[in-house]
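Trainee: One structure is given below, represented as structure tokens, and several questions about it will come after.
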Amino acid sequence: MIKVALKGLAGRKLRAALTAFAIVLGVAMVSGTFVLTDTINGAFDSIISQSYKNADVVVSGKTAFQTDSNGNPVQAPSFPESLLPKIKGLPGVDVAAGSLADDKTKLVGRDGKAITSGGAPNLAFSVDPSSDQRFNPLKLTAGHWPNGGNEIAIDTGTASKKHYAVGDTIGVESRGPVQQFLISGITKLPGVSIGGATMAVFDIPTAQKLFHREGKLDAIRVQAAGGVSTAKLVAEIKPILPPTAQVRDVSAQEKQDKKAVNFTGFIQYFLLAFAGIALFVGSFVIANTLSITIAQRVREFATLRTIGATRRQILRSVILEAFVIGTAASIVGLFLGLGLAKGLNKLFAVLGFDLPSASTVFAGRTIVVSLIVGIVITLLASLRPALRATRVPPIAAVREGATLPPGRFARFTPIFALVTLVLGVLLLGYGVLGHGLSGPSRLFSLGAGVLLLFFGVSANAARLVRPLASVLGWPATRIGGAAGVLARDNTMRNTKRTASTASALMIGLALVTLVAILGQGIRSSFKSAVDDLVRSDYALTSTNTFTPLTVAAQKRLAKAPNVTVISGVRAGAARYFGQTDNLTAVDANLPKVIHLEWKEGTTAVPAQLGRDGAFVDHKFAKDHHLQIGSPIRLLTPTSHVLTVHVKGIFKLPNGGSPFAHVTISNALFDANYINPENEMSFLTVRGGVTDANTRTLEAQVQTFADAKIQTKSQFKTNFLKPFNKILILLYVLLLLSVIVSLFGIVNTLVLTVFERTREIGMLRAVGMTRRQTRSMIRHESVVTSLIGGALGMAVGVFLALLVTHALSSEGIVFAVPWLSLVYFVIATIVVGILAAILPARRAAGLNVLEALQYE
């Protein structure tokens with residue numbers, strides 16, 4: 001039976017290849033995800049390990065918590081430079097060197113704009129040009145290290161992209177107006193691409209002045225004297241440290257630093273989710289393809305049964321075919337993932353997420369997981385068709401047109417389909433609307449609900465095929481004439497097959513529709529919130545709207561003519577009520593530019609905050625039982641404990657607000673946070689928004705390269721740009737599942753052309769032209785695609801209703817992007833046309849006489 005199975009598989013190369021392609025793409029996504037994230041992790045590991053080369057222990061600033069609520073590292077406090085000679089004087093120390101680092105210092109191009117790439121960091125470091133550079137991870141490629149107040153070394157990437165060389169001047173912005181520096185050297189981090197990040201290197205005195213850390217250091221790297229253990233060296237250093245510093249051995253420091261870049265784990269799970277979707281769609285394609293081929297091979301299986309093959313041998317034969325297809329597809333997908341990883345990396349870069357990379361990491365785990373996932377999914381998808389094959393009776397070998405007999409439980413199929421659908425809906429409703437559910441329980445309910453919903457819709461779709469084909473196929477009857485009528489009838493002929501084929505496309509379209517509606521809801525909510533809250537004429541933000549901006553820019557803008565009010569919103573991180581969360585701070589004149597609806601308190605609240613006040617939103621107050629006068633204990637990154645009292649509670653509008661759960665005064669914030677920065681500032685001017693006022697404001701802050709003056713409408717548009725990029729990324733990744741479903745349609749049409757060879761031959765014999773034959777197949781494909789699109793959009797709208805209802809407490813509304821849905825319909829038609837190209841050509845190319853004799 002093994003030889004029979006392999007020989008039969010070899011005789012159906014095209015069908016096997018088309019079936020395998022559904023798994024190839026899914027496995028490639030799994031493999032590519034692991035390769036990409038492992039390579040990024042390898043780059044970060046290399047960066048971190050190189051940054052502590054030749055050091056045994058590291059002295060650094062001490063923080064109460066390492067990262068903010070978004071996972072970004074918080075700025076550690078600096079410590080006095082006088083600590084360095086004390087450490088050098090310890091008996092266990094061989095060499096020690098101090099350094100500074102900063103992520104707020106930006107390079108400025110010749111156009112006066114900050115050199116940035118999406119969310120990539122702008123890194124700045126210090127170097128001691130008189131030392132032996134044993135602790136310096138950077139390597140010069142040209143020039144020399146900075147040695148003076150106006151010298152700088154920049155990274156090779158910036159030098160190449162922006163055409164800078166040694167001897168040129170480049171601008172630098174760091175908590176103040178742009179300053180010009182002479183490029184003394186070009187540097188790089190060996191073996192690693194830093195992606196879209198930039199690097200600026202200064203000597204220590206210049207860095208201290210530029211970073212506003214005169215007389216201070218951020219870190220001291222220490223190498224132990226001969227024969228001194230790391231533990232002993234740590235014990236020697238600890239007693240002389242100030243409260244703001246700590247000492248760790250290098251391995252502990254590296255481990256701590258790696259925690260700050262654990263976002264690659266999110267990227268991995270995020271991409272694997274889309275790989276799972278592609279494989280899920282692929283399983284539908286495989287199951288449908290094998291079901292059709294088994295139905296077409298009834299006489300073949302019956303003949304095998306006649307000559308002695310058992311049911312178990314037939315089952316093994318079909319499972320073996322699936323195993324061979326799954327193995328071959330998984331191997332191809334595994335290596336295709338290497339190319340896909342590079343493509344995903346370029347996609348991230350195009351969308352502004354240019355991440356560091358090093359040499360490609362192709363781990364053993366990637367190979368094992370990719371092969372297992374591909375093979376197991378294929379075998380599971382083939383199980384039901386294989387069991388159907390065992391029901392072929394031997395007598396079918398002598399019957400022309402014999403069909404598979406129904407199974408023992410076939411009469412329960414409609415009930416099972418309905419129960420699956422209802423159970424999926426109930427689980428989704430429970431996951432979305434259930435109160436008091438833990439995170440894992442809610443995720444399980446939602447995941448299981450979505451899967452059962454897709455299975456349920458697919459199982460019940462056969463009942464909807466006839467009415468949907470009648471409506472959606474009507475244009476084909478008008479456009480295609482007789483060929484269109486035949487195409488519509490063909491989709492109705494085998495409703496189960498049409499439903500199964502359309503279901504693969506339904507899954508992708510459902511998720512695309514869900515994303516589109518949620519995206520539209522978030523956009524609508526945000527725009528509504530800005531319209532309700534903002535009363536200013538302009539906003540001052542960073543170029544990308546999200547990065548914090550130096551307070552000096554606001555102070556400079558306050559001096560501009562015609563500015564009547566300017567109010568800044570600071571942002572930082574704090575721990576309160578047991579978790580790390582955002583903290584914002586405001587000026588006393590906030591009510592003149594931002595309108596808040598106060599549930600408790602008045603517009604005078606911001607002016608009353610002082611050194612011990614805070615205001616909160618009404619949802620946070622309800623969750624934590626807060627009222628006017630309630631105390632809130634805030635722990636800052638520098639371990640300062642602030643106790644503030646609630647002086648106002650405002651109603652959180654739909655779409656959110658620019659404020660964190662807790663907001664304090666800018667005076668209190670500035671007194672307790674290192675180098676405070678504005679998240680945004682709002683201002684009003686005499687005469688409102690005019691071209692003249694805009695030019696005046698822009699001229700006032702032109703020496704701040706990262707400052708951007710925006711009107712309210714520009715603020716809304718620019719704030720949503722990163723969100724729109726994320727939506728584009730989601731669409732591109734979901735496109736993979738649509739491509740898989742496209743091959744499912746191709747597969748089905750190719751197999752039905754084989755199945756209807758004699759029928760097509762008869763149609764050709766009675767006068768149907770090649771063009772009409774191609775038209776018939778094309779219309780059939782488009783109608784099938786439209787059925788999948790209609791089901792998918794209906795499911796997507798249903799899911800969006802549930803999700804937006806669950807998110808209504810966050811201000812997200814249900815909004816339908818009608819234009820996007822029109823685009824999806826057009827895309828569905830295009831998918832149908834593309835899927836029909838190969839099957840239509842094969843059908844039109846059939847030899848009429850041979851087709852009439854085909855069995």
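Trainee: Where does the chain land at 222 nm, in deg cm²/dmol rounded to the nearest 500, when only DSSP H runs of n ≥ 4 count, each adding -39500 (n - 2.57), divided by all residues?
Mentor: For the chain, the value works out to -18000 deg cm²/dmol.
Trainee: Going down the table (LYS188/LYS346; LYS259/LYS725; LYS88/LYS232; LYS113/LYS161; LYS53/LYS139), which pairs top 19 Å between alpha carbons? Each step should come with its number before you reach the end.
Mentor: Details: LYS188/LYS346 21 Å; LYS259/LYS725 26 Å; LYS88/LYS232 15 Å; LYS113/LYS161 14 Å; LYS53/LYS139 13 Å.
Flagged as over cut-off: LYS188/LYS346; LYS259/LYS725.
Trainee: Quick one: if you stick a label point 7 Å off each Cα along the C-beta vector at ASP128 and TRP818, how many nm between them?
Mentor: Label-label distance for ASP128 and TRP818, simple model: 7.0 nm.
Trainee: For an R0 of 45 angstrom, estimate the FRET efficiency from the Cβ-Cβ distance between LEU387 and ASN72 and round to the nearest 0.05.
Mentor: 0.30
Trainee: Using label points projected 7 Å from each Cα along Cα→Cβ, tell me how many nm separate SER630 and LYS555, to one decimal.
Mentor: 3.6 nm
Trainee: Out of the GluC sites (Glu not before Pro) in region 595-686, which ones are loop residues according to DSSP with at most 13 other C-beta atoms within 10 Å?
Mentor: Of the GluC sites (Glu not before Pro), the ones in loops of region 595-686 whose Cβ has at most 13 other Cβ atoms within 10 Å are GLU597.
Trainee: Another question, if that's okay. Dipole of the chain, Cα-centred, from +1 at each Lys and Arg C-beta and -1 at each Asp and Glu C-beta, to the nearest 20 debye? Write out the running numbers ahead of the final one.
Mentor: Numbers: 84 positive and 49 negative charges, 745 e Å.
Charge dipole of the chain: 3580 debye, to the nearest 20.
Trainee: Between LYS346 and SER160, what is the FRET efficiency for a Förster distance of 25 Å, r being their Cβ-Cβ separation, to the nearest 0.05?
Mentor: Taking R0 as 25 Å, the efficiency between LYS346 and SER160 is 0.90.
Trainee: List the aspartates and glutamates whose Cα lies under 16 Å from the Cα of LYS255, skipping any in the same chain that are fewer than 8 positions away.
Mentor: List returned: ASP45, ASP56.
Trainee: Might you work out the accessible area of THR33 for me, using a 1.4 Å probe with all protein chains in place, and round it to the nearest 10 Å²?
Mentor: Ignoring ligands and nucleic acids, THR33 comes out at about 0 Å².
Trainee: Next up: With +1 on each Lys and Arg Cβ and -1 on each Asp and Glu Cβ, how big is the dipole of region 766-855 about its Cα centre, in debye rounded to the nearest 20?
Mentor: I would put it at about 420 debye.
Trainee: Label the chain by shape, choosing from rounded, prolate and oblate, from the square roots a ≥ b ≥ c of the eigenvalues of the Cα gyration tensor; if a/c is under 1.5 it is rounded, and otherwise prolate applies when a/b is larger than b/c, oblate when it is not.
Mentor: prolate
Trainee: Whose amide H sits under 5 Å from the amide H of VAL685, counting only residues 5 or more places off or on another chain, with H placed in the peptide plane?
Mentor: Counting only residues 5 or more places away or on other chains, the set is ASP537, THR564.
Trainee: I need the shape label for region 459-502. Rule: rounded when a/c is under 1.5, else prolate if a/b > b/c, else oblate, with a, b, c from the alpha carbon gyration tensor.
Mentor: Judged from the Cα gyration tensor, region 459-502 comes out prolate (a/c at least 1.5, a/b above b/c).
Trainee: With a Förster radius of 30 Å, plug the Cβ-Cβ distance of LEU380 and SER441 into 1/(1 + (r/R0)^6) and report the FRET value to the nearest 0.05.
Mentor: 0.70
Trainee: Using θ = phi - 60° and the Karplus curve 6.51 cos²θ - 1.76 cosθ + 1.60, what whole-Hz ³J(HN,Hα) does each residue of region 597-611 get, with Gly and Pro shown as x?
Mentor: So the J values, rounded to whole Hz, are 8, 8, 7, 9, x, 10, 5, 7, 4, x, 6, 9, 5, x, 9.
Trainee: What is the percent carbon and sulfur in the accessible area of the chain, measuring with a 1.4 Å probe over the protein chains and ignoring ligands? Before the final figure, lay out the partial values.
Mentor: Working: 22690 of 37420 Å².
After summing per-atom areas, the C and S share lands at 61 percent.
Trainee: Rounded to the nearest 5, what is the percent of antiparallel bridges among the DSSP beta bridges in region 131-242?
Mentor: Around 65 percent of the beta bridges assigned by DSSP in region 131-242 are antiparallel ones.
Trainee: Pairing the Cα long axis of helix 311-350 with the longest principal axis of the chain, what angle in degrees results, from 0 to 90 and rounded to the nearest 10?
Mentor: 30 degrees
Trainee: Let me ask you something else. How long is the gain from HIS805 to VAL689 if the chain were fully straight, where each residue apart is worth 0.36 nm and the alpha carbon distance is subtracted? Walk me through the intermediate numbers first.
Mentor: Numbers: separation 116, 0.36 × 116 = 41.76 nm, distance 3.75 nm.
Here the answer is 38.0 nm.
Trainee: Once fully extended, how much extra length lies between PHE266 and PHE323, figured as 0.36 nm per residue of separation less the alpha-carbon to alpha-carbon distance?
Mentor: On the way: separation 57, 0.36 × 57 = 20.52 nm, distance 3.21 nm.
Gain on extension, PHE266 to PHE323, equals 17.3 nm.
Trainee: With a ≥ b ≥ c taken as the square roots of the eigenvalues of the C-alpha gyration tensor of region 516-622, please select rounded if a/c is under 1.5 and otherwise prolate if a/b is larger than b/c or oblate if it is not?
Mentor: Details: a/c = 1.38, a/b = 1.10, b/c = 1.26.
Rounded is the answer for region 516-622, as its axis ratio a/c remains below 1.5.
Trainee: Mind checking which lysines have their Cα closer than 18 Å to the Cα of LYS651? Skip sequence neighbours fewer than 8 apart in that chain.
Mentor: Output for LYS651: LYS527, LYS592, LYS599, LYS619, LYS622.
Trainee: Follow-up question, since we're still on this one. Through the Karplus equation 6.51 cos²θ - 1.76 cosθ + 1.60, θ set to phi - 60°, convert the phi angles of region 39-45 into ³J(HN,Hα) values in whole Hz; use x for Gly and Pro.
Mentor: So the J values, rounded to whole Hz, are 5, 5, 4, x, 5, 5, 4.
Trainee: Then there's this: Taking 0.36 nm per intervening residue step and subtracting the Cα-Cα distance, what contour gain separates LYS651 from LYS259 on full extension?
Mentor: Difference between extended and current length: 137.5 nm.
Trainee: For the chain, take the longest principal axis of its alpha carbons; what is the angle in degrees between that and the long axis of helix 250-259, to the nearest 10 within 0 to 90?
Mentor: With both axes taken from Cα atoms, the answer is about 60 degrees.
Trainee: For region 80-90, take each phi angle, set θ = phi - 60°, evaluate the Karplus expression 6.51 cos²θ - 1.76 cosθ + 1.60, and give the result in whole Hz per residue in order, putting x for glycine and proline.
Mentor: x, 5, 5, 5, 4, x, 5, 5, 4, x, 6
Trainee: Return one number: the angle in degrees, 0 to 90 and rounded to the nearest 10, between the long axis of the Cα atoms of helix 364-389 and the longest principal axis of the Cα atoms of the chain.
Mentor: Between the helix axis and the principal axis of the chain, the angle is about 30 degrees.
The values are calculated or read from the model by the stated rules, or taken from the named source; none is laboratory data. Source: prediction; values computed, not measured. So basically every Cβ, Gly included, is an ideal-geometry build from the backbone, and we count neighbours across all protein chains shown. Surface areas here come from the heavy atoms of the whole protein model, side chains and all, with no ligands, DNA or RNA. Shrake-Rupley method; radii C 1.70, N 1.55, O 1.52, S 1.80 Å.
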